[in-house]
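Below: the structure, in structure tokens.
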Amino acid sequence: DVKVTQSSRYLVKRTGEKVFLECVQDMDHENMFWYRQDPGLGLRLIYFSYDVKMKEKGDIPEGYSVSREKKERFSLILESASTNQTSMYLCASSLDRGSYEQYFGPGTRLTVT
Amino acid sequence: GENVEQHPSTLSVQEGDSAVIKCTYSDSASNYFPWYKQELGKRPQLIIDIRSNVGEKKDQRIAVTLNKTAKHFSLHITETQPEDSAVYFCAASGELGGGADGLTFGKGTHLIIQP
């Protein structure tokens, strides 16, 4: 079974803090994704990566950056957290360019106060 | 970019009846259309998907239909059961298609199965 894990289930940070959300997959997947999920808005793509050190902007990249130094790990960085970044953050991975199915992690519920 | 509209936002059906959820998409280049089920407090799980070269796909009580000309696709669940209660999301692949692109999701349908 594909296993996608995220470093925290719940996180509380203060406005202005730098926040790191970590995602790890153990199936040697090439592609990794970060989404945020908000009630009534569905899931929205923040950033994705199809290779180590590669990154692509999704639909809502403002206020976020990412890092992929190793194939199995994809980090989402909030440079200066704001209250409107309070959300559920979901990481996902897929095998390669020919594979469509994305496997999701359990999510990190981030609250910025 | 791609835009996916999903209806209805809430659907309540009697146990044993059928449920239909509909989605439309805007980008004619999209070529992959998955459906995810998310139970309360859990991660989204893929339940069925369809690619643009196929018009219909079935898996036991679940089916998905795709109309490329009209740019819409639908999820059909027959003989609904209590464990079908969840939020369902449709999605479409990115503009470039392929497995490396992110998905554009609809806003979700909360399916409630009444006993």
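Within the range B:19-51, count every residue that is open to solvent by 40 Å² or more (accessible area, probe 1.4 Å), farther than 19 Å from A:Glu101 by Cα and not in a strand (DSSP E or B).
Qualifying residue count, the range B:19-51: 4.
What single numbered condition from (1) free of Cβ contacts under 8 Å to residues at least 60 places away in the same chain; (2) part of a loop (DSSP other than H, G, I, E, B); (3) touching a strand residue (DSSP E or B) at 6+ places or on another chain (Cβ under 8 Å); (4) away from every other protein chain (no Cβ under 14 Å) fails to hold for B:Val54?
(4)
Using beta carbons and a limit of 9 Å, which pairs, at least six apart or on different chains, have the first residue in the range A:50-67 and in contact (Cβ under 8 Å) with a residue 24 or more places away in the chain and the second one of a type in the set (Asp, Glu) and assigned to a loop (DSSP other than H, G, I, E, B)?
A:Tyr50/A:Glu30; A:Tyr50/A:Asp96; A:Tyr50/B:Asp101; A:Tyr64/A:Glu79
A:Asn84 versus (1) open to solvent by 60 Å² or more (accessible area, probe 1.4 Å); (2) more than 14 Å from chain B (Cβ to nearest Cβ); (3) in a strand (DSSP E or B): which is the lone unmet condition?
Looking at each condition in turn, A:Asn84 falls short on (3).
Give the number of residues within the range A:87-113 that are in a loop (DSSP other than H, G, I, E, B) and under 27 Å from A:Arg14 (Cα atoms).
4
Need a quick list: strands (runs of 3 or more DSSP E) entirely within the range B:70-115 having at least 1 residues that are farther than 22 Å from A:Gln37 by Cα and modelled with pLDDT of 95 or more.
Output list reads B:72-77, B:109-114.
Provide a single number: the residues in the range A:34-59 that are at the interface with chain B (Cβ under 8 Å from one of its Cβ atoms), among the aromatic types (Phe, Trp, Tyr) and over 16 Å from B:Glu2 (Cβ atoms).
Summing the residues that are at the interface with chain B (Cβ under 8 Å from one of its Cβ atoms), among the aromatic types (Phe, Trp, Tyr) and over 16 Å from B:Glu2 (Cβ atoms) in the range A:34-59 gives 1.
Of the conditions (1) touching a Gly at 6+ places or on another chain (Cβ under 6 Å); (2) surrounded by fewer than 21 Cβ atoms within 10 Å (Cβ to Cβ); (3) not basic (Lys, Arg), A:Tyr100 fails just one. Which one is it?
Of everything listed in (1) touching a Gly at 6+ places or on another chain (Cβ under 6 Å); (2) surrounded by fewer than 21 Cβ atoms within 10 Å (Cβ to Cβ); (3) not basic (Lys, Arg), A:Tyr100 misses just condition (2).
Could you tell me which numbered condition B:Gly1 fails, if it satisfies all but one of (1) farther than 30 Å from B:Pro115 by Cα; (2) away from chain A (no Cβ under 11 Å); (3) open to solvent by 40 Å² or more (accessible area, probe 1.4 Å); (4) more than 15 Å from the chain's Cα centre (by Cα)?
(2)
Could you say which residue among B:Ser12, B:Ser28, B:Ser93 is touching a residue at least 12 places away in the same chain (Cβ under 8 Å) and within 11 Å of chain A (Cβ to nearest Cβ)?
B:Ser93
Scan A:Val12, A:Val66 and give me the residue that is surrounded by fewer than 20 Cβ atoms within 10 Å (Cβ to Cβ), of a type outside the set (Gly, Ala, Ser) and assigned to a strand (DSSP E or B).
A:Val12
Of all residues in the range A:23-46, count the ones that are part of a strand (DSSP E or B) and either hydrophobic (A, V, I, L, M, F, W, C) or open to solvent by 50 Å² or more (accessible area, probe 1.4 Å) (or both).
9
The values are calculated or read from the model by the stated rules, or taken from the named source; none is laboratory data. In this text, all values refer to a predicted model and were calculated from it rather than measured experimentally. Note: ideal-geometry Cβ built from the backbone for every residue, glycine included; neighbour counts use all protein chains shown. To get the accessible areas, we keep the full protein, side chains included, count just its heavy atoms, and leave off ligands, DNA and RNA. Shrake-Rupley method; radii C 1.70, N 1.55, O 1.52, S 1.80 Å.
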